[in-house]
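Trainee: For reference, the structure I am asking about is given below.
Only the coordinates and a few stated rules stand behind these numbers; no lab work does. Remember, it's a predicted structure, so these values are computed and weren't measured experimentally. Cβ coordinates were reconstructed from backbone atoms using ideal geometry, including for glycine residues, and neighbour counts include every protein chain displayed.
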Amino acid sequence: MKYFTIPSGPFEVNTYLIYDDENNERLGFIIDPGGQENKIDKLIKENNINLQFILNTHCHIDHVAMVNYFKKKYGIPLYANEDEQPIVDNLKEQAEYLGFDIAENITIDKKLKENEDINIGNINIKSIFTPGHSPGSTSFLVNNNFLFSGDTLFRQTIGRTDLFGGDFDKIIKSIKNKLFKLNDDIIVYPGHGKDTTIGYEKKNNAYLM
Ligand SMILES: [Zn+2]
């Protein structure tokens, strides 16, 4: 497996482009497409990636801003947790509040359930339901080594819970009861900012001590 991190859009969402480089088919997917579409198109082309789907950790406007662009360009579906539907339904309000242009509605084509696994080439993705930042926020554990945590867990901080479906008690429970049960050496790739590890956050994240 290979991946690229592409900070995207006005809120510097970490968009991730991931693909299976051990297989001729070079199957791949995008996590949280927030912008930088030309740069991502270029990476897809240069690496011969055969894009299969978009996977969203949650559906706040900054993380879905380029969903329709990639859906149309590559004819691929959007996967997100079923509980993100109310967030998708309220995108216009979020767009106005945060100053995004969003002309069309977004559709979740495949609604993921709590522990749903996805397999693509030699890549295994486990959905870990981590509500709190939003009702359907989900972290994705890839090949049991890398955790794409969205806006749930950041380096030394956590996602805000005062906007659009947030719940502070839930986010704390999600991290303590689910993410902190994972191995300490798992690398965490968050929705914003630098990467970290589960072990480092257990020791250094003030919200969780
Ligand atoms: Zn968010």
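Trainee: Go through segment 178-198 and report how many residues are part of a loop (DSSP other than H, G, I, E, B) and over 18 Å from residue 137 (Cα atoms).
Mentor: Matching residues across segment 178-198 total 6.
Trainee: Would it be correct to say that residue 55 is among the hydrophobic types (A, V, I, L, M, F, W, C), within 16 Å of the ligand (Cβ to nearest atom) and surrounded by fewer than 18 Cβ atoms within 10 Å (Cβ to Cβ)? Working first, answer last.
Mentor: Numbers: among the hydrophobic types (A, V, I, L, M, F, W, C): yes; within 16 Å of the ligand (Cβ to nearest atom): yes; surrounded by fewer than 18 Cβ atoms within 10 Å (Cβ to Cβ): no.
No: the conditions fail for residue 55.
Trainee: Listed residues 100, 140; which is crowded, with 20+ Cβ neighbours inside 10 Å and within 20 Å of residue 15 (Cα to Cα)?
Mentor: 140
Trainee: For segment 58-75, enumerate the residues that are more than 17 Å from residue 16 (Cβ to Cβ) and either touching a Phe, Trp or Tyr at 6+ places or on another chain (Cβ under 7 Å) or near the ligand (Cβ under 8 Å from one of its atoms) (or both).
Mentor: Matches in segment 58-75: 61 only.
Trainee: While we're looking at this one, here's another question. Please enumerate the residues belonging to segment 112-132 that are in contact with a strand residue (DSSP E or B) (Cβ under 7 Å, 6 or more places away or on another chain) and within 16 Å of the ligand (Cβ to nearest atom).
Mentor: Hits for segment 112-132 are 129, 130.
Okay, residues lined up against (1) within 16 Å of the ligand (Cβ to nearest atom); (2) more than 24 Å from residue 53 (Cα to Cα):
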| site | (1), (2) |
| --- | --- |
| 79 | no, no |
| 88 | yes, no |
| 97 | yes, yes |
| 102 | yes, no |
| 110 | no, no |
| 166 | yes, yes |
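Trainee: Mind listing just one residue for me: the one in segment 135-164 that is under 12 Å from the mean Cα position of the chain (by Cα) and in a loop (DSSP other than H, G, I, E, B) and, of those, farthest from the ligand (Cβ to nearest atom)?
Mentor: Among them, the one singled out is 136.
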